[in-house]
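Colleague: What follows is a structure written as structure tokens; I'll ask about it next.
Rule-based calculations on the coordinates, nothing more; no lab input. This one's a predicted model, so the numbers in the text were calculated from it and none came from an experiment. A quick note on method: Cβ atoms are made from the backbone with ideal geometry, for glycine too, and the neighbour counts reach across all protein chains shown.
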Amino acid sequence: MVSNSRGNHVLVWEQPDLEDQRPKVYKGGLGTRHWVTFMLFLGMANAYVMRTNMSVAIVAMVNHTALPVSHEAMDTECGDVSPNSTKEVLQQDGEFVWSSPLQGYILSSFFYGYVITQIPFGILSKRYGARLFLGVGMLINSVFGLLVPVAAKAGYPWLILVRFIQGLGEGPIVPCSHAMLAKWIPPNERSRMGAAVYAGAQFGTVISMPLSGLLSAYGFAGGWPSIFYVFGLIGTVWCIAFLLFVSEDPEQCPRIKEAEKKYILNSLWGAAGSSSPPIPWKKILMSMPFWAIMLAHMGQNYGYETLMTELPTFMRQVLHFSIKDNGFVSALPYLCMWLFSMFISVVADWMLSSGRFNHTQVRKIINSIGEYGPAIGLFIAANTGCNPSATVAILAIGVGLNGGIYSGFKVNHLDISPRFAGILMAFTNCLANLTGLLAPIIAGYIIDGNPSQAQWRIVFYIAGGVYIFCATFYNLFSSGRRQDWDNPADDDANAKKAAEKKARKLERKNASYENTAETAQ
């Protein structure tokens, strides 16, 4: 038993890595950590609502018949659209004349702001805590969401700017959520709790797409503006509740029971809070398990963003769903993903608790389901021809299997380095979203002026290929073992080396200054 820098005791029994840890059991029922998990789940849902509602709204915002290529909104290679259906589609035309490439830039503008705040917020949350950055950042996101209709009417440059600022505000959601999971959740509960939090992304998508479709057709303020007013208000309410009722960690929480606090702290090897030692940047960048997570994350984001931002457009152009139906049909794959992620997270924790599998094996097996599954689904969906029911079913199954990634690489940061998990997530999420923001732009150029099945097939093939390559790299190089560079037992030695290095550097600087002064005389 040792004391951390706050004076609290942390159990450090013989555990050179997570695979050697024996599960601890807490029989106190639902506790404060479950409340924190629930609030993080709602925060993640809110974040994905704010990023996906534009994908549905833009279909109602654009005047498709006024575009230079008149057939851009509809593909007829599977037969002419019925007059009634065509009339309905034309009635859905909006007021903005935006080409497919411009729509791609509008959709991706959010992610430019999102990616550049990942690493700064990851580092700051490690030093100053994650709660405040997460709550205030999401408040900025929600408030600027209310300004989207005004910005769109002022001109697309203003809309791009507002969406960019929304992205800046949403930047803390993933690294800060990861940092708080590392502080609140014991290792033997991370598959379930981590999946529960990140499944909020699917829950938000499932809520956003159909409700956005209904609001665009029947909402107030002209239809599509009501999408941003409703979700912006809901997001603001969540931010206030989060800042008022969620604490940074168990030690700072006034409402947690003492038994649960001890259970959490005694389950964590070394402090996960801001008092941890300096970040071992060089060792992290030389770690293959870290790069395995990075590649898996990048492949996931490219494939996921391709579907999330482009699926509503595909449903309209090729499968001829109306905006109202579009939201429901587009949300179906994510409903499957949400449900499957919950199921597979329980399976993952059972595999670990059974003793038959270690963390490395579980992460690889579950992640393979999560990334190979949607890749195969994309390949099949690209060749279903003029069968919308089969296409939707295959995409629903494929994207549903994608839920495995939450118990795969997504919680793997916590395995290899619980104390620096927020930092690792900040890096992988930053580069992954840089990759993901290319997806709508590439898709926009591929289908521009020719939204045929052949062109959409190229979009799906590219996404599926990226999934397969990155998942294979992960299986070759990933690990569930806690890495040597996050060993609390080495903290004193590392701190001593760092102090000696700093002293030598200062000594050389003083010597150089003295030599310069003597030369000047």
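Colleague: Could you sort 202-212, 479-489 so that the peptide with the highest average Cβ count within 10 Å comes first and the rest follow in order? Don't skip to the answer; put the middle values down first.
Modeller: On the way: 202-212: 25.6, 479-489: 19.0.
Ranking, from highest mean packing down: 202-212, 479-489.
Colleague: What net charge do the residues around Ser191 carry, taking every other residue with its C-beta under 11 Å from that of Ser191, with Lys and Arg at +1 and Asp and Glu at -1? Before the final figure, lay out the partial values.
Modeller: Details: positive: Arg190, Arg192, Arg363, Lys410; negative: Glu189, Asp349, Asp415.
Cβ neighbours under 11 Å give a net charge of +1.
Colleague: So, by mean Cβ neighbours within 10 angstrom, what's the order for 355-363, 278-286 with the highest one leading?
Modeller: Numbers: 355-363: 18.9, 278-286: 13.4.
My ranking of the peptides, most packed first, is 355-363, 278-286.
Colleague: Here is a further query. Kindly flag which residue pairs out of Lys183/Lys501; Lys183/Lys282; Lys126/Lys257; Lys261/Lys502 have an alpha-carbon separation exceeding 27 Å in this structure. Walk me through the numbers on the way to the answer.
Modeller: Details: Lys183/Lys501 30 Å; Lys183/Lys282 24 Å; Lys126/Lys257 25 Å; Lys261/Lys502 37 Å.
As for pairs spanning more than 27 Å Cα to Cα, those are Lys183/Lys501; Lys261/Lys502.
Colleague: Near Pro175, within a Cβ-to-Cβ distance under 15 Å, what is the net charge of the other residues, with Lys and Arg +1 and Asp and Glu -1?
Modeller: The answer is +4.
Colleague: What is the spin-label model distance, in nm, from Lys501 to Trp158 if the labels are put 7 Å beyond Cα along the C-beta direction?
Modeller: Here the answer is 5.1 nm between the modelled labels.
Colleague: Stretched out fully, how many nm does the piece from Phe220 to Asn450 gain, at 0.36 nm a residue minus the Cα gap? Spell out each step's value before the answer.
Modeller: Working: separation 230, 0.36 × 230 = 82.80 nm, distance 3.36 nm.
Extra length available between Phe220 and Asn450 comes to 79.4 nm.
Colleague: Go through 193-201, 335-343, 134-142 and give me the packing order, highest mean Cβ count within 10 Å leading.
Modeller: On the way: 193-201: 25.4, 335-343: 21.3, 134-142: 22.9.
The packing order, highest mean first, is 193-201, 134-142, 335-343.
Colleague: Got a sec to turn the phi values of region 98-112 into Karplus ³J(HN,Hα) couplings, 6.51 cos²θ - 1.76 cosθ + 1.60 with θ = phi - 60°, whole Hz, x for Gly and Pro?
Modeller: 10, 5, 4, x, 5, 4, x, 5, 5, 5, 8, 4, 4, 6, 4
Colleague: Using a basic spin-label model with each label point 7 Å from the Cα along Cα→Cβ, how many nm lie between Glu95 and Arg508?
Modeller: Result for the modelled spin labels: 6.4 nm.
Colleague: For Ile240 and Ser354, calculate 0.36 nm times their separation in residues minus their Cα-Cα distance, and state this gained length in nm to one decimal. Display every interim value, and only then the final one.
Modeller: Details: separation 114, 0.36 × 114 = 41.04 nm, distance 4.10 nm.
Stretched fully, the Ile240-Ser354 segment lengthens by 36.9 nm.
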